[in-house]
Amino acid sequence: MLATAAIGEPIHLWRSDGTLVKVLPPISRFSAHKLDFSPDGPKIVAVGMHLAILSGLDGRELQRFALPNAGIWAVRFSPDGKIIAIGGQDTQIRLLLADRSARNPGNVLRYGESIFATFLGHQGFISGVAFDPTGDLLASAAEDGTIRLWKLHHPLVTSLTAETGGLMQVAASSQGDFRLVSVSRRGTTNIWQRNSAGRFNPSPDKIFFGHQSPIHDVTFSADGRFFATASRDGTAILWQADGTRLQVLPFKDRAEEQRSGGAEKRRGKGAEVTIKPCCCGI
């Protein structure tokens, strides 16, 4: 199943063949622009600029996190579904308890009932977050052009420099050789892979162009063999994990419609659309 979130519209759930399954009930004064499924599928977290809402796939609200000054722009579940990482315009990363039974790891301080850790270090707004397969390592991408790696039990592990111009998103492979892929406003894709010492090099192992405009999203396939990027140029590109380009998928008609104003009328000016796969079947 897929879910879509767009500014000014409720969350839609779809089958992979394009059949609309359900439109979740709108929440008063809440407009979601990013979302993520829990790893086992029955829950979804949706974020607006200052609010994150955890709900079931029936739309029933389970928990909400009010963050008045966060300007949320990135969200991701941990692999076990117990933690939600968010980041945004205030340059902070917050770890939220999606499962109240989750314990506060190590000696990280608890900031209230649901927010148990805050990471500081980026110099620009945070545009993407991603966990490694174990859930112990968190990667964050930001407008300052860096990826920072954090251990949940410790402070900052390391900082990777991508490029100037700002990063838009980061993804981590969940299977096979652990890789990081980041995408940028310049339309570049950067790949990091752990070296023989088990560490990432400070600079990308590969940098390549495939899009003609800023890239807004990147995600790995479930088996880690492929990743896909989506850009404002009206295309999505499918890549092998090593960066070999496999296929360009145009959705230019829609991009043209957005430029002409048609999509803006339906979704509101400046709409962002997020699509995430879900492992559950409906």
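With Gly135, Gly124 as the choices, which residue is modelled with pLDDT under 90, part of a loop (DSSP other than H, G, I, E, B) and at negative phi?
From the options Gly135, Gly124, the qualifying one is Gly124.
For every residue, the table says whether it meets (1) within 20 Å of Leu97 (Cα to Cα); (2) assigned by TED's automatic domain parsing to the domain that holds Gly81; (3) charged (D, E, K, R); (4) touching a Phe, Trp or Tyr at 6+ places or on another chain (Cβ under 8 Å).
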{"site": "Ile126", "(1), (2), (3), (4)": "yes, yes, no, yes"}
{"site": "Val129", "(1), (2), (3), (4)": "yes, yes, no, no"}
{"site": "Asp132", "(1), (2), (3), (4)": "yes, yes, yes, yes"}
{"site": "Leu137", "(1), (2), (3), (4)": "yes, yes, no, yes"}
{"site": "Glu143", "(1), (2), (3), (4)": "no, yes, yes, yes"}
{"site": "Met168", "(1), (2), (3), (4)": "no, no, no, no"}
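Within region 168-203, can you find the residues that are assigned to a loop (DSSP other than H, G, I, E, B) and more than 21 Å from Pro133 (Cβ to Cβ)?
Correct list: Arg185, Arg186, Gly187, Pro202, Ser203.
How about region 25-48: which of its residues are in contact (Cβ under 8 Å) with a residue 12 or more places away in the chain, part of a loop (DSSP other than H, G, I, E, B) and either not assigned by TED's automatic domain parsing to the domain that holds Trp14 or not aromatic (Phe, Trp, Tyr) (or both)?
Within region 25-48, Pro25, Pro26, Ile27, Ser31, Ala32, His33, Ser38, Pro39, Asp40, Gly41, Pro42, Gly48 qualify.
Looking at Ser184, is it within 16 Å of the chain's Cα centre (by Cα), assigned by TED's automatic domain parsing to the domain that holds Phe220 and touching a residue at least 40 places away in the same chain (Cβ under 8 Å)?
When the stated conditions are applied, Ser184 does not pass them.
Quick check, is Ser213 surrounded by 13 or more Cβ atoms within 10 Å (Cβ to Cβ), touching a strand residue (DSSP E or B) at 6+ places or on another chain (Cβ under 8 Å) and either assigned to a loop (DSSP other than H, G, I, E, B) or without any contact (Cβ under 8 Å) to a residue 40 or more places away in the chain (or both)?
So Ser213 fits the description; yes.
How many of the residues making up region 174-197 are basic (Lys, Arg) and within 14 Å of Gly145 (Cα to Cα)?
Looking only at that region, the number is 2.
So Arg199 passes all but one of these: (1) loosely packed, with under 15 Cβ neighbours inside 10 Å; (2) at pLDDT below 50. Which condition number does it fail?
The number of the failed condition is (2).
Does region 54-83 hold any residues that are surrounded by fewer than 17 Cβ atoms within 10 Å (Cβ to Cβ) and among the charged types (D, E, K, R), and which are they?
Across region 54-83, the qualifying residues are Asp58, Arg60, Glu61, Arg64, Asp80.
Just to verify a result, which residue in region 92-121, among those that are surrounded by 18 or more Cβ atoms within 10 Å (Cβ to Cβ) and assigned to a loop (DSSP other than H, G, I, E, B), is modelled with the lowest pLDDT?
The qualifying residue modelled with the lowest pLDDT is Ser114.
Considering region 147-170 alone, what residues qualify as being modelled with pLDDT under 85, surrounded by 17 or more Cβ atoms within 10 Å (Cβ to Cβ) and not hydrophobic (A, V, I, L, M, F, W, C)?
Of everything in region 147-170, those that are modelled with pLDDT under 85, surrounded by 17 or more Cβ atoms within 10 Å (Cβ to Cβ) and not hydrophobic (A, V, I, L, M, F, W, C) turn out to be Glu163, Gly166.
Test Arg194 against the criterion of being surrounded by 13 or more Cβ atoms within 10 Å (Cβ to Cβ), of a type in the set (D, E, K, R), more than 12 Å from Ala141 (Cβ to Cβ) and under 18 Å from the mean Cα position of the chain (by Cα), and give yes or no.
So Arg194 does not fit the description; no.
So which residues in region 204-219 are modelled with pLDDT of 85 or more and within 26 Å of Trp150 (Cβ to Cβ)?
Hits for region 204-219 are Pro204, Asp205, Lys206, Ile207, Pro214, Ile215, Val218.
The values are calculated or read from the model by the stated rules, or taken from the named source; none is laboratory data. If you're wondering where the values come from, they're calculated on a predicted model, not measured in any experiment. No Cβ is skipped: glycine too gets one built from the backbone with ideal geometry, and neighbour counts run over all protein chains shown.
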